[in-house]
Amino acid sequence: MKDFNKPTLADLLGDMTADTFRTNYNNARTVHLPGAMSDQRHHLDFSELRALVENLDNAAEYWLDEAGVERSVSLDGKTAWQRAQEGCTLICNGLSRVSEPARALSESMIDGLDGEGWPGARLFYSTAFDYGYASHLDPFATFTVQVSGRKRWFASPTPERFDVQKLSHSVIMPAPGEIEEMPFFTFRHREETDMQSFDLMPGDVLYFPAGTWHRAVSLEPSLSVAIDIRPRILPEPEFEATVIRHPPPD
Ligand SMILES: [Fe+2]
């Protein structure tokens, strides 16, 4: 009998079987799984999120100044939560350290896909129409679960190929028109026009392999959870909160 208390890889795949996923998509292609987590997303109910964030003493805020240079400042958790209410995107890393369902999903994904790595999960929360990070790629595969609100994703259909073990970066984000040189690899910035778009509704899941270019914009107040397989060289960070501040719209 299915254990409804512990979400699994099957819950992330919805109607798709694990065999179909392994054969056609795992580490190979981006895929939208509509409604996959509809019956299970109550496990990712973050009604306690506010208390978790407000208790942090290691939050940070990032923004770009007029010259396009990234700036950051340390915040306490209460201020970080307040910023999120004002429309900044709030990102919490290390979610599997505080959320048992997020941890169970991540571990189930690693086991179910015969993967190797650390469990990992991140939370993205925005009270407004807002975009988080600029176009980038991560050296780990992600199942992103739309918990509430609608979000538009842009993602390349297939990933860049590189050896994750040779990377020391957790995110690769060359600026528009620029190239990021690394010891073994070179990455050129990709625009959204090179990507496919996917509109995620509550309960939908989007899978993309390590090395997939992506960016997302919340179309309305939105909460989503990214369930990751983190390679051994990138253990999951402590639970921490980051707010991304963008210039107010014109
Ligand atoms: Fe990302």
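Any read-out appearing in this document is the output of simple, stated calculations on the displayed coordinates, not a laboratory observation. This one's a predicted model, so the numbers in the text were calculated from it and none came from an experiment. We place every Cβ from the backbone using ideal geometry, glycine too, and count neighbours over all the protein chains shown.
For ASP199 and GLU178, a Förster radius of 35 Å and the Cβ-Cβ distance give a FRET efficiency of 0.75, rounded to the nearest 0.05. For the chain, the residue among SER96, LEU12, SER72 whose Cα projects farthest onto the positive side of the dipole built from Cβ charges is LEU12. Segment 35-49 and segment 193-208 have Cα centres lying 18 Å from one another. Pairwise Cα distances in segment 1-136 exceed 24 Å for 43 percent of all pairs.
In angstrom, the C-alpha Rg and Dmax of the chain are 17.3, 58. When only the Cβ of Lys, Arg, Asp and Glu is charged (+1, +1, -1, -1), the dipole of the chain relative to its Cα centre reaches about 280 debye. For segment 94-239, a/c is not less than 1.5, where a ≥ b ≥ c are the root eigenvalues of the C-alpha gyration tensor, and a/b does not top b/c. That puts it in the oblate class.
Exposure proxy ranking for LYS6, LYS151, based on other Cβ atoms within 10 angstrom of each Cβ and starting from the fewest, stands as LYS6, LYS151. The stretch between GLU48 and ARG22 holds 5.9 nm of extra length on full extension. This uses 0.36 nm per residue minus the Cα-Cα distance.
A simple rule links phi to the HN-Hα coupling: the Karplus curve 6.51 cos²θ - 1.76 cosθ + 1.60 with θ = phi - 60°, which for segment 138-148 gives 10, x, 8, 7, 9, 9, 9, 9, 7, 8, 8 Hz, with x for Gly and Pro.
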